[in-house]
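Working notes, beginning with the structure itself.
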Amino acid sequence: MKKWSMKPEIYSGFASLERLQQFEKENLCFVCDPYLAESDSLKRILGYVKRTNSVEIFSDIIPDPPIETVVEGIERMTKIQPTVVIAVGGGSAIDTAKAMLFFYKRTTGNKVKRFVAIPTTSGTGSEVTSASVITDTQNKIKYPIFHEAIIPHEAILDASLVMSSPPSVTAFSGLDVLTHAIESLASVNRTNYTNALAEKATELVFQYLPTCVNQGMELDARIQMHEASTLAGLAFDAAGLGVCHAIAHQVGANFKVPHGLANSMLLPYVIEANSKNKETRKNYARISRKLGICPPSLPDHLAVSNLSQAVQQLAIECKAPIKLNSFGVQEEAALSAEDVIANNALNDTTFKTNPIQFTAEEIKEIYRKIIK
């Protein structure tokens with residue numbers, strides 16, 4: 001039996017921040033990074049908050065949020081006892097807020113009335129998912145947490161908040177969207193519902209991501225990518241992900257490679273590896289034809305090859321490195337980590353829904369292709 005449900009209320013458009021006016025006489029806890037805490041964007045957001053509320057800001061967020069930051073956040077929440085938590089930022093801020101809420105309830109028994117996510121990047125889809133990824137920096141492992149209790153009650157999508165994202169952040173985040181969509185299309189838990197969301201997200205990424213990277217102030221392109229991120233988030237939250245994310249989590253934990261970038265390096269080779277599964281090969285070929293990447297009459301295996309090439313070409317067009325050595329990771333260091341990366345990838349939660357259960361050696365074969 002497969003389940004399909006949509007829990008977050010989604011508000012989009014330039015009036016969407018007015019949703020914050022619903023709160024009166026509440027203890028609000030905003031979670032964001034230090035840069036955003038000092039930005040005009042947060043000032044604008046706070047302008048929608050009524051003065052009858054008390055406001056606290058937890059801004060100790062860093063990329064690839066470590067366990068220590070989550071613990072610090074829980075301690076702050078225990079002290080201020082918020083009734084509403086509002087996460088503002090990219091995946092790191094929203095994921096941290098999710099983990100804080102999850103363990104805050106478990107350790108104190110307290111829960112908040114409302115959890116609102118306001119993404120400022122178009123990438124993780126975290127504003128609509130039950131997922132949070134936390135890093136154990138000591139052991140160099142990323143731990144995905146999946147639980148329905150951490151799905152935000154509301155997601156507010158205001159594309160004006162992503163207009164200032166630099167080209168590299170825009171590129172890596174957008175390529176993460178593409179990976180979410182394509183992995184959910186191959187997942188063993190995919191359905192017609194998730195396929196529809198993922199296919200639309202894939203179409204939007206190919207159409208609008210290069211414009212967002214090269215012409216960041218192009219409003220319509222930003223709106224389309226912001227919605228693509230949410231569509232892909234809804235798709236993978238229901239269907240699951242796969243081996244690309246399982247390996248990317250380890251690459252990020254070991255070499256500080258941005259998550260979306262690690263995914264984009266791996267995705268062409270994951271598509272090739274997963275296409276050994278006949279049903280998956282058909283799915284890849286279908287999306288390749290639907291996007292016009294290949295002629296309708298092209299055999300499945302060639303349609304898949306065209307898709308993997310198009311994914312890599314998109315990364316190049318967005319000026320994203322396609323190999324680890326181009327990012328500054330030395331070949332010797334990359335090779336020495338392959339056993340740890342492969343073994344940890346096998347144990348990564350996201351691997352469970354991959355269409356093929358690869359061995360550690362097969363995972364290493366995929367990983368080696370991105371080294372140089």
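List of remarks:
- Environment charge of His226, counting only residues whose C-beta is closer than 12 Å and scoring Lys/Arg +1, Asp/Glu -1: -3
- Student exercise, the chain dipole from Lys, Arg, Asp, Glu Cβ charges, in Debye to nearest 20: 760
- Taking the chain and dividing mean pair separation by its residue count, relative contact order in percent (alpha carbons under 8 Å, at least six apart): 15
- The Cβ shell under 14 Å around Leu302 holds other residues with a net charge of +2, Lys and Arg each +1, Asp and Glu each -1.
- Whether the range 17-160 is rounded, prolate or oblate, judged on the alpha carbon gyration tensor where a/c under 1.5 counts as rounded: prolate
- Of Lys2/Lys352; Lys276/Lys319; Lys256/Lys369; Lys142/Lys256; Lys276/Lys372, those spanning more than 22 Å from alpha-carbon to alpha-carbon: Lys276/Lys319; Lys276/Lys372
- Taking the alpha carbon gyration tensor of the range 167-368, multiplying each eigenvalue by 5 and rooting it gives semi-axes of 24, 21, 15 Å, largest first.
- Under 18 Å from Lys50, Cα to Cα: lysines that are on another chain or at least 8 residues apart: Lys25, Lys113
- Each Cα pair of the range 280-350 feeds into the Kirkwood radius, which the Stokes-Einstein equation turns, at 4 °C and 1.567 mPa s, into a diffusion coefficient of 89 µm²/s.
- The protection proxy used here, the mean number of other Cβ atoms lying within 10 Å of each residue, ranks peptides 163-175, 64-76 as follows, highest first: 163-175, 64-76.
- The chain: radius of gyration over Cα atoms, expressed as a fraction of 2.2 N^0.38 Å: 0.95
- Other residues with beta-carbon under 10 Å from the beta-carbon of Pro63 carry, at +1 per Lys or Arg and -1 per Asp or Glu, a net charge of -1.
- Report summary: the helix-based calculation at 222 nm, which adds -39500 (n - 2.57) for every DSSP H run with n ≥ 4 and divides by the residues of the chain, gives -16500 deg cm²/dmol.
- Taking other Cβ atoms within 10 Å as a rough exposure proxy, Leu36, Leu197 sort from fewest to most as Leu36, Leu197.
- Dipole check for the range 9-162: with +1 at the C-beta of Lys and Arg, -1 at the C-beta of Asp and Glu, and the Cα centre as origin, the magnitude is about 440 Debye.
- Relative contact order %, the range 9-162, counting alpha carbon pairs below 8 Å whose residues are six or more apart: 28
Since every read-out is calculated from the coordinates, none of them should be taken as a lab result. It should be emphasised that the depicted structure is a prediction, and the values quoted were computed from it without experimental measurement. Glycine also receives a Cβ, built like all others from the backbone with ideal geometry; neighbour counts cover every protein chain displayed.
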